[in-house]
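After the structure tokens below, expect a handful of questions from me.
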Amino acid sequence: MIAPNSPPAGHEPAMKIVPTAVSDDPSAAPDGADTPAMRLFALLEVVAAKDHRYTLQGLVEATGLPKPTVHRMLQQLEAAGLLRRESDGRRYGTGTRLRRLAENLLFNDTRHGARHAVLRQLVDQIGESCNITALTGSEVVYLDRVETAAPLRFYLQPGSRVPVHCSASGKVFLAQMTAAQRKRLLAHAPLERYTANTLTEMAKIEREIQRVAKDGYAIDDEEFLPGLLCIAVQVPADDGGPSNLCIAVQAPIVRLSAAKARQMLPALRAAAQALSRIDDDAETEQVSA
């Protein structure tokens, strides 16, 4: 989730990692004390905090640590798969292992049961399969899914991944980004043509994303799988900013047309609001605990 009211580009406050004396005895360090492990974790926080690829010098400036120290830390994190060096060899971004860690946190969140109940209620209401998704890299991952009881359906289990450029949820996530963020993400994504309806040209994709941003929902009309139609909306963030959760309905086109899917928007948006309230309640409990 991206925090709202961020300062203008180039005016972000630096996230300094202030080194302190570290005892050789790990048991002597109090909780939260500066240790080599916590310093590595703090560096990961800096890299993960923004949609930005850092150079070595950029991280030196952001952390306040000596250049040799940051260089050594980057080597350790890259070797562990937590950070990844870009093709230019100069910039660093989140690695596969770190993204998997974030996905596992979403999958095993204590709010999963409450979210699943909302999803089940929506399926009972509209009679079609529904899923909750999140964006990871250039793919959309299914965090949860409830299938319809109808005999004709597409089986896509939790953990399934679909491309961002030709899925309804993916379009919603893209619509929350700036044009520069979209360009950077899609430039490194394989814009594969899965069906005759798949958009693979950047100009056409951009026009579609502009429509999604205007309408507040996205439709995948046989763009990923032949015979499958999907409609998705954002789960609102508690701060009103961009969100990394979507809720979507999927069904075979023999049962669900684009026009019929739009009639489901009130139910879909009500479910999205219910999911948002679950996150609000969980955060309130954490603050008051």
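The values are calculated or read from the model by the stated rules, or taken from the named source; none is laboratory data. The structure displayed is predicted, hence computed values, not measured ones. Cβ: placed from backbone, ideal geometry, glycine included. Neighbour counts: every protein chain shown.
Answer yes or no: is there a residue in the stretch 257-265 that is of a type in the set (A, V, I, L, M) and within 21 Å of Ser160 (Cα to Cα). Outline the logic, then answer.
Residues of the stretch 257-265 that are of a type in the set (A, V, I, L, M), as a first pass: 258-259, 261, 264-265.
If we keep only those that are within 21 Å of Ser160 (Cα to Cα) as well, we get none.
For the stretch 257-265, residues of a type in the set (A, V, I, L, M) and within 21 Å of Ser160 (Cα to Cα): absent.
May I pose another question? Might you check whether a residue that is at pLDDT 85 or above and assigned to a helix (DSSP H, G or I) occurs anywhere in the stretch 95-104?
Checked the stretch 95-104: no residue is at pLDDT 85 or above and assigned to a helix (DSSP H, G or I).
Tell me the residue from Gln210, Gln181 that is farther than 22 Å from Gly127 by Cβ and touching a residue at least 40 places away in the same chain (Cβ under 8 Å), please.
Being farther than 22 Å from Gly127 by Cβ and touching a residue at least 40 places away in the same chain (Cβ under 8 Å) holds for just one of Gln210, Gln181, which is Gln181.
Okay, next question. Please work out which residue is farthest from Asn244 (Cα to Cα), limiting yourself to the stretch 144-178 and to residues that are of a type in the set (Val, Ile, Thr) and touching a residue at least 60 places away in the same chain (Cβ under 8 Å). Spell out how you get there, then give the answer.
Applying the first criterion (of a type in the set (Val, Ile, Thr)) to the stretch 144-178 yields 146, 148, 162, 164, 172, 178.
Next, from what is left, pick out any that are touching a residue at least 60 places away in the same chain (Cβ under 8 Å): 148, 162, 172.
Values: Thr148: 25, Val162: 15, Val172: 10 Å.
So, considering only residues that are of a type in the set (Val, Ile, Thr) and touching a residue at least 60 places away in the same chain (Cβ under 8 Å), the one farthest from Asn244 (Cα to Cα) is Thr148.
Sticking with this structure for a sec: In the stretch 169-203, how many are modelled with pLDDT under 95 and in a helix (DSSP H, G or I)?
11
Something else: Give all pairs with beta carbons closer than 7 Å in which a residue from the stretch 113-124 that is on the phi < 0 side of the Ramachandran plot meets a residue that is crowded, with 17+ Cβ neighbours inside 10 Å and among the charged types (D, E, K, R); count only pairs at least 6 apart in sequence or on separate chains.
Listed by first residue and then by second, the contacts come to Arg115/Asp144; His116/Asp144; Leu119/Asp144.
Are any residues in the stretch 174-205 under 16 Å from the mean Cα position of the chain (by Cα) and surrounded by 11 or more Cβ atoms within 10 Å (Cβ to Cβ), and if so, which ones? Walk me through how you get there before you give the answer.
Residues of the stretch 174-205 that are under 16 Å from the mean Cα position of the chain (by Cα), as a first pass: 174-178, 181-182, 184-186, 189.
Residues satisfying the conditions are Leu174, Ala175, Gln176, Met177, Gln181, Arg182, Arg184, Leu185, Leu186, Ala189.
Of all residues in the stretch 125-168, which are among the charged types (D, E, K, R), in a strand (DSSP E or B) and under 17 Å from Leu229 (Cβ atoms)?
Arg145
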